[in-house]
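Below: one structure, written as structure tokens.
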Amino acid sequence: MKNTTSAGRWVRDVIKQQSSYHVPPAGDFIKLDAMENPWPMPPEINQAWRESLNDLQLNRYPDPQAADLVPRLRTVMAIPDQAGIMLGNGSDELIQVILMALAGDQVTVLSPSPSFVMYEVLAGACGLNYAGIPLQQDFTLDMPAMRSAIESHQPAVIFLASPNNPTGSAFQRSDIEEILELAPGLVVVDEAYQPFVKQGKDFMSRLVDYPDLIVMRTLSKVGLAGIRLGLIAGHPDWMKELDKLRLPYNINSLTQATACFAIDHWSVFRAQIENICTERDRVYSALSSMQGIQAFPSDTNFILFRVSGNRAENIHAQLLKEKILIKCLHRPGTALENCLRVTIGRPHENDAFLSSLTSLL
Ligand SMILES: Cc1ncc(COP(=O)(O)O)c(C=O)c1O
């Protein structure tokens, strides 16, 4: 009888070299590390939400077409009629589907760097080359570098998170338009943080102008991270191909019903987002006025900041001791050297963070 597994023999080398996605346990911490909406569903609609689940038949598979949900998403996100849409178990799943569809030996995935880590992680897992093109020091796109990388790599897909995670700001519209003109393949504009953008239009309405544009959205940041619902919208030709890789029934019944309910009560979620934006501006001003902190402007529900004196890891650890969980992005020698990222929480949570940070500086 064998006493070892054959995993070492059969699992692909690229997978063996990766680590699992680590989520630190949050326990009773003030959780400001994952860009969630800190507000639960308000009590005045909570009961109605529970009632909306009463008639679900959990013994049956979910509606594979999500027929109740799709029209609501089209309306609330102003998705052009001409565009096709596909839903995912979070936008992470949709990134994976796009990459699985394009996977091949000589295929390159390109995105600015730093950006959302899953583009690179999933590109690696699918065996694709990944080219991360450094942003400028102020975290705007380096357009000469982007132009020459597009020319030399001929990427099958370019991911542009706008606003970008972890830097927090939206890219210049004209830069995105130029990339759309130059790209030889798909351009995915990932608008996960679009609800927090104060000014400037998103790219949803531009789907009619660019056949190789896909716009990606998620409900995770607006208060529904727990139901895992992401969406891509794009040309029906693309959607037809990508849909072949979607697992049957990937959007469960509870998610579909909850998302329908949430969209029917959208003003409640909009009010929470307004509140988060007000808090974000307050936290940004407070951080900007602190000695030894460089805070980067944010169009999102988080703020990236750099601490002086090589103290990012230390400050992160000290905050943990005070049961405040933020994200340490510090990597020596990279654009994120000495950088930390804080998600906007409820006012008292933000106060606790700001006052602990002040006393640590
Ligand atoms: C830019 C960006 N895209 C996508 C995601 C993933 O969102 P979802 O929860 O829908 O998988 C995140 C999550 O942090 C993100 O920052």
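The values are calculated or read from the model by the stated rules, or taken from the named source; none is laboratory data. This one's a predicted model, so the numbers in the text were calculated from it and none came from an experiment. No Cβ is skipped: glycine too gets one built from the backbone with ideal geometry, and neighbour counts run over all protein chains shown. Ligands, DNA and RNA are stripped out before the accessible areas are found, and what is left, the full protein with its side chains, is counted by its heavy atoms. Shrake-Rupley method; radii C 1.70, N 1.55, O 1.52, S 1.80 Å.
By accessible area of protein heavy atoms, probe 1.4 Å, what ranking do E36, E274 get, highest first? List each step's numbers first, then the result.
Details: E36 65, E274 105 Å².
Descending accessible area places them as E274, E36.
Quote to one decimal, in nm, the extra length available between S148 and D237 on full extension: 0.36 nm per residue of separation minus the C-alpha distance between them.
29.2 nm is the gain from fully extending S148 to D237.
Nearest 5 percent is fine: what portion of the DSSP beta bridges confined to the chain is antiparallel? About 50 percent, rounded to the nearest 5.
Dipole check for the chain: with +1 at the C-beta of Lys and Arg, -1 at the C-beta of Asp and Glu, and the Cα centre as origin, the magnitude is about 920 Debye. Note on the range 1-146: Kirkwood hydrodynamic radius from all Cα pairs is 20.3 Å, rounded to one decimal. Convex hull volume of the C-alpha atoms in the range 69-140, normalised per residue: 128 Å³.
Computed from the Cβ-Cβ distance with R0 of 35 Å, the FRET efficiency linking S355 to R50 stands at 0.40. As a ratio to 2.2 N^0.38 Å, the alpha-carbon radius of gyration for the chain is 1.02. The rule of thumb for compact globular proteins, 2.2 N^0.38 Å, goes into the C-alpha radius of gyration of the range 99-219 0.98 times.
Take D68: with every protein chain present and a 1.4 Å probe, its accessible area is about 110 Å². Using the Cβ-Cβ distance between L245 and W39 with R0 = 51 Å, the FRET efficiency computed as 1/(1 + (r/R0)^6) comes to roughly 0.90.
Here the Karplus curve 6.51 cos²θ - 1.76 cosθ + 1.60, taken at θ = phi - 60°, turns the phi angles of the range 145-154 into couplings of 5, 5, 4, 6, 5, 5, 4, 7, 8, 6 Hz, with x standing for Gly and Pro. Note: the range 157-209, Cα convex hull, 81 Å³ per residue.
Rounded to the nearest 10 square angstrom, W39 shows an accessible area of 70 square angstrom against a 1.4 Å probe. Rounded to the nearest 10 square angstrom, Y249 shows an accessible area of 90 square angstrom against a 1.4 Å probe. Restricting the calculation to Cα atoms, every distinct pair contributes to the Kirkwood radius of the range 59-264, found to be 17.2 Å. With a Förster radius of 25 Å applied to the beta-carbon distance between S19 and N310, the computed FRET efficiency rounds to 0.50. Once backbone amide H atoms are built at 1.01 Å from N, I324 has I30 as its partners under 5 Å, excluding neighbours fewer than 5 places away on the same chain.
Ranking L245, Q18, G104 by Cα position along the charge dipole of the chain, where only Lys, Arg, Asp and Glu carry charges on their C-beta atoms, puts Q18 farthest toward the positive end.
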